[in-house]
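What follows is one structure encoded as structure tokens, with my remarks underneath.
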Amino acid sequence: MSKKIPQVKLRRPRYSLFDSIEHQVAPRVLLVDFFYWPFISAGSGEIDPLAVVAGNGVVTDVSPKAFRAGIRAGDRVRAATSAVTGLKVISVDAIDQSGLFAKIANVLERFSPLIEIVDLGVCATNARGPSRYFGGEERLASEVRKAMEDQIVEVFPPAGELLNRAADLFVEGSIFSFGVSIADGIFTAKIAARNSLLIPSGISGSFLAPLPIRELPDHEIADTLDRLGVRSLGEFADLDFDLVLERFGYRGALLHRMAGGLDTSSLEAAEIKEDLTQKIELPEPLEVASSVIFVCKARVEEMLGHLLESGYLCQIMRVRLMSENGEESVRDWGVKDGLSAQLLLERIRWQLESWSTDPRLAPSAGVETVELQPQRVVSALRVQLDLDGSERSSVVKVSQALSRVDAIVGKRSSIAKIKASRTPKESVEMVPWQLHLFDLDEPMDQKARERPPWPGRLLSSSPAICFDREVEILLLTKEGTLISVSANVFLSGEPYWMRVQSSGKRVRVLEWSSLWPMLERWWYPEYSTKVARIQIVTDEMGALLVKSSNGRWFVEGLYD
Amino acid sequence: MDIAAEKSISHLSGFVSPQLLASERYVELGGSLAQIFPLGRIQLGSVVLFEGESNSGATSAVFEFLSSGGIRRNWSALVGFENLGFLAAFEKGVDLGKVVSVPDPGRDLAQVVAVLTEAFRVVTIANPRFISSSQARNLTSRVRVNKSIIAIVQQGCDITGTRGRGLWPGSYDYSISSSISGFTGLDRGSGFIRERRLSLSLGSRRSGATRSIAVSI
């Protein structure tokens with residue numbers, strides 16, 4: 001039986017999404033980009049093949065030679081093959097999606113323990129520490145480049161052969177060419193990698209400014225901006241942050257920060273105080289990666305499910321594999337939007353495959369233990385839980401739906417916030433949903449629960465319905481005389497009838513509470529009013545919260 | 001089956017995650033509603049009707065629903081609610097950070113609800129006035145696909161003179177009727193309302209049975 005996973009109890013981190021996009025600085029990132037990775041992994045045995053990668057009849061990747069022949073990503077495959085003779089078409093499905101790239105990315109581990117595989121063919125690591133160690137960013141970049149080249153030759157024996165024939169394996173035009181860059185944030189680093197640039201800290205904004213708006217990773221938003229006349233990243237970055245947030249939502253706001261060189265997706269692992277480590281002991285040592293994955297599946301899903309239920313997403317997970325003979329493989333895996341079970345299992349598989357096929361480090365026995373140690377968790381307050389925790393629909397979905405709804409209705413949807421106040425109505429502030437969604441505010445519940453004991457605050461529960469416009473009534477005694485509140489806060493008689501002024505309807509008062517006196521607008525002595533509140537129970541209209549003000553009575557709320 | 005085999009099967013079951021069919025997906029409820037819903041859970045893709053005369057506690061019943069178990073953890077939208085006492089909802093345990101209030105969409109109600117069900121797990125509508133039976137049918141099939149829940153509140157208010165004009169013209173899976181049966185804490189000019197007794201009864205279209213419960217709120 002699998003051990004029951006203890007419920008994760010974490011203090012909600014004082015982490016604000018809004019803070020992160022407004023105030024954080026972009027981390028220093030070293031990034032390696034293999035521009036033609038699909039062609040390397042398809043293993044055509046040529047340095048410069050005339051080939052494209054295609055899926056669904058559309059070209060997705062173009063080799064340098066095919067590019068020179070005029071083929072572009074997005075072309076129809078049929079048109080491309082008829083236009084260029086001898087064009088090789090590689091199916092997307094034929095490309096090795098597994099641990100091949102992980103093996104290349106492994107090299108970065110010699111420089112920094114934390115690696116993020118940004119995409120197949122693109123990996124990144126934190127540059128700050130290692131560059132100090134290697135004596136400067138330039139030195140670090142050239143060390144990384146050398147190590148990468150060695151690894152390519154080692155991992156792809158055909159590459160080694162080709163190297164003998166052509167000394168220029170890594171020059172421009174070869175599918176093995178790659179870029180190494182160091183810059184602030186992954187977005188800037190990825191662009192800089194095309195020319196292997198080192199962008200000094202703090203000038204990303206001016207580096208990105210002249211670039212066309214289409215460089216944004218979200219084509220839909222880029223198209224819209226283009227149509228609106230925003231043509232460069234700099235023009236986009238100059239737009240007002242709040243306006244962008246309103247028009248394009250959270251995703252747009254992130255892009256806006258990126259365009260300004262402030263991509264804050266951080267690689268640095270945060271300290272986690274509570275131990276969330278899960279150790280999965282396999283029933284017997286297993287050598288085949290897929291059987292390890294199969295056995296781990298349920299536990300991984302359970303673990304991430306529990307985290308999610310407690311309101312957390314794991315962004316970086318340390319995976320430690322231990323063999324029966326005590327060998328270890330440790331690796332941090334990061335995914336910005338949070339690791340789902342499927343993504344994590346995929347990464348465990350990559351790690352297993354690259355470990356077991358590494359000639360120097362391969363374990364001498366089957367894997368016995370898989371240890372998962374979350375390195376960085378973020379609050380997933382805005383993440384919708386599905387019942388089994390496996391699926392999630394994010395803020396993005398909610399904000400898209402609300403944008404559409406607001407456009408249809410022509411008014412703003414809002415979210416209620418509770419603040420300390422004396423009356424049920426004043427305690428609620430309706431804020432536009434955008435503000436709430438993008439501002440991961442302090443835990444409202446806690447703060448409001450400790451509402452200060454305002455004088456005059458209701459001592460009872462609040463009415464389920466609070467009327468926007470107060471409804472005037474009369475409170476009458478059995479004999480029909482009007483009831484008023486005396487200066488020393490007493491009722492002038494016993495309520496027996498209640499009459500709604502607008503409809504003229506009269507109902508019986510069955511019970512009533514004591515009076516709560518309160519001074520309204522006390523900060524304006526000349527306008528201040530003495531009011532008193534009372535709860536009454538009627539025979540046909542239920543229980544009501546009623547206010548007396550300047551000798552008149554109003555219904556404020558209904559205990560529905 | 002011998003003990004060893006049974007043991008190894010229960011051992012293996014720890015490694016296999018259960019496969020749920022789409023029709024078998026539910027949200028667990030908590031609190032009082034868990035006691036009247038069959039097996040304490042509600043099927044995704046359902047339409048729930050909250051009904052009652054004026055002042056019969058339908059609003060409190062909605063709060064019970066929104067603060068209940070799995071529903072509380074999901075995003076929900078309130079459409080066309082005016083005068084809602086959010087402080088009371090908060091006191092009842094509704095997570096206001098996940099509840100979005102959409103202003104009355106008037107004649108665009110069906111369209112708005114359709115958009116909302118794509119992102120929100122629960123969409124609650126107050127007195128749906130402008131909705132035709134064919135639109136209601138469309139929405140019902142849409143929630144089945146989206147695995148969301150539509151809740152409809154049909155209740156008028158004597159005090160403002162609004163009647164529960166809006167009636168859901170379509171079919172529904174559950175109906176919850178409520179009534180308030182009494183108050184404690186008041187005594188002719190002293191004390192305040194400490195407790196209300198709310199009785200809820202659930203009619204399920206599927207089982208045809210009715211189950212009731214009385215809760216103090």
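The values are calculated or read from the model by the stated rules, or taken from the named source; none is laboratory data. Because the structure is predicted, anything quoted here is derived from the model rather than measured. Note that we place each Cβ from the backbone using ideal geometry, even for glycine, and neighbour counts take in every protein chain shown.
So which helices (runs of 4 or more DSSP H) stay within the stretch A:118-182 end to end and still have 1 or more residues that are at pLDDT 85 or above and under 16 Å from residue A:107 (Cβ atoms)? Break it down stepwise before answering.
Numbers: elements: A:128-134, A:137-155, A:157-165.
Counting at least 1 such residues, we get A:128-134, A:137-155.
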Query raised in the report: List, please: which pairs have Cβ atoms under 7 Å, are six or more places apart or on different chains, and start with a residue in the stretch B:144-158 that is touching a residue at least 24 places away in the same chain (Cβ under 8 Å) and end with one that is crowded, with 20+ Cβ neighbours inside 10 Å and charged (D, E, K, R)?
Result: B:148/B:121; B:149/B:121; B:154/B:51; B:155/B:51
Report task. Kindly indicate whether any position in the stretch A:489-509 is within 14 Å of chain B (Cβ to nearest Cβ), within 23 Å of residue A:427 (Cβ to Cβ) and either touching a strand residue (DSSP E or B) at 6+ places or on another chain (Cβ under 9 Å) or modelled with pLDDT under 85 (or both). Result -> yes
Report summary line: Note on residue B:78: of the conditions (1) surrounded by 20 or more Cβ atoms within 10 Å (Cβ to Cβ); (2) at the interface with another protein chain (Cβ under 7 Å from one of its Cβ atoms); (3) modelled with pLDDT of 90 or more, unmet is (2)
Query raised in the report: residue A:83 is checked against (1) buried (at least 19 other Cβ atoms within 10 Å of the Cβ); (2) modelled with pLDDT of 75 or more and fails just one. What number does that condition carry?
Result: (1)
Query raised in the report: Would you call residue B:101 more than 17 Å from residue B:29 (Cα to Cα), surrounded by fewer than 24 Cβ atoms within 10 Å (Cβ to Cβ) and within 7 Å of another protein chain (Cβ to nearest Cβ)?
Result: yes
Query raised in the report: Conditions: (1) free of Cβ contacts under 8 Å to residues at least 60 places away in the same chain; (2) over 20 Å from residue A:465 (Cα atoms); (3) surrounded by 16 or more Cβ atoms within 10 Å (Cβ to Cβ). Residue B:175 meets all but one. Number of the miss?
Result: (1)
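Being more than 12 Å from chain A (Cβ to nearest Cβ), crowded, with 20+ Cβ neighbours inside 10 Å and in contact with a Phe, Trp or Tyr (Cβ under 7 Å, 6 or more places away or on another chain) narrows it down to one residue among B:33, B:139, B:96; which is it?
Numbers: B:139 fails: in contact with a Phe, Trp or Tyr (Cβ under 7 Å, 6 or more places away or on another chain); B:96 fails: more than 12 Å from chain A (Cβ to nearest Cβ).
B:33 is the lone residue from the list that is more than 12 Å from chain A (Cβ to nearest Cβ), crowded, with 20+ Cβ neighbours inside 10 Å and in contact with a Phe, Trp or Tyr (Cβ under 7 Å, 6 or more places away or on another chain).
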Query - Answer from B:119, B:58, B:89 - the residue that is under 11 Å from the mean Cα position of the chain (by Cα), at the interface with another protein chain (Cβ under 8 Å from one of its Cβ atoms) and hydrophobic (A, V, I, L, M, F, W, C) - result: B:58
Query raised in the report: What residue, of B:68, B:134, is in contact (Cβ under 8 Å) with a residue 24 or more places away in the chain and either of a type in the set (S, T, N, Q) or at the interface with another protein chain (Cβ under 8 Å from one of its Cβ atoms) (or both)?
Result: B:68
Report task. Return the only residue of B:190, B:148 being over 22 Å from residue A:400 (Cβ atoms) and among the hydroxyl-bearing types (Ser, Thr, Tyr). Result -> B:190
Query raised in the report: Residues of the stretch A:218-246 being assigned to a loop (DSSP other than H, G, I, E, B), within 25 Å of the chain's Cα centre (by Cα) and exposed (fewer than 12 other Cβ atoms within 10 Å of the Cβ), which ones?
Result: A:240
Requested in this report: Scan the stretch A:408-420 and give yes if some residue there is at pLDDT 85 or above, more than 10 Å from chain B (Cβ to nearest Cβ) and part of a strand (DSSP E or B), otherwise no.
Outcome: no
Query raised in the report: Residues of the stretch B:36-55 being more than 12 Å from the chain's Cα centre (by Cα), more than 10 Å from chain A (Cβ to nearest Cβ) and at negative phi, which ones?
Result: B:36, B:38
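Residues of the stretch A:532-551 being away from every other protein chain (no Cβ under 11 Å) and in contact (Cβ under 8 Å) with a residue 60 or more places away in the chain, which ones? Outline the logic, then answer.
Quick first cut of the stretch A:532-551, residues away from every other protein chain (no Cβ under 11 Å) only: A:532, A:547-551.
Answer for the stretch A:532-551, where residues must be away from every other protein chain (no Cβ under 11 Å) and in contact (Cβ under 8 Å) with a residue 60 or more places away in the chain: A:547, A:548, A:551.
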Report summary line: If we keep only residues of the stretch A:530-560 that are outside any strand (DSSP E or B) and in contact with a Gly (Cβ under 7 Å, 6 or more places away or on another chain), then the residue nearest to residue B:189 (Cα to Cα) is A:559
Report task. Scan the stretch A:468-482 for residues that are under 17 Å from residue A:533 (Cβ atoms), modelled with pLDDT of 90 or more and of a type in the set (A, V, I, L, M) and report the count. Result -> 3
Report task. Report yes if some residue within the stretch A:270-292 is in contact with a Gly (Cβ under 9 Å, 6 or more places away or on another chain), under 24 Å from residue A:27 (Cα atoms), modelled with pLDDT under 85 and not basic (Lys, Arg); otherwise report no. Result -> no
Query raised in the report: What is the number of the single condition among (1) surrounded by fewer than 20 Cβ atoms within 10 Å (Cβ to Cβ); (2) closer than 28 Å to residue B:117 by Cα; (3) modelled with pLDDT of 75 or more that residue A:392 does not meet?
Result: (3)
Report task. Determine, yes or no, whether residue A:432 is more than 8 Å from chain B (Cβ to nearest Cβ) and at pLDDT below 65. Result -> no
Report task. Please work out which one of (1) farther than 18 Å from residue A:334 by Cβ; (2) over 26 Å from the mean Cα position of the chain (by Cα); (3) modelled with pLDDT under 85 is the condition residue A:106 fails and give its number. Result -> (1)
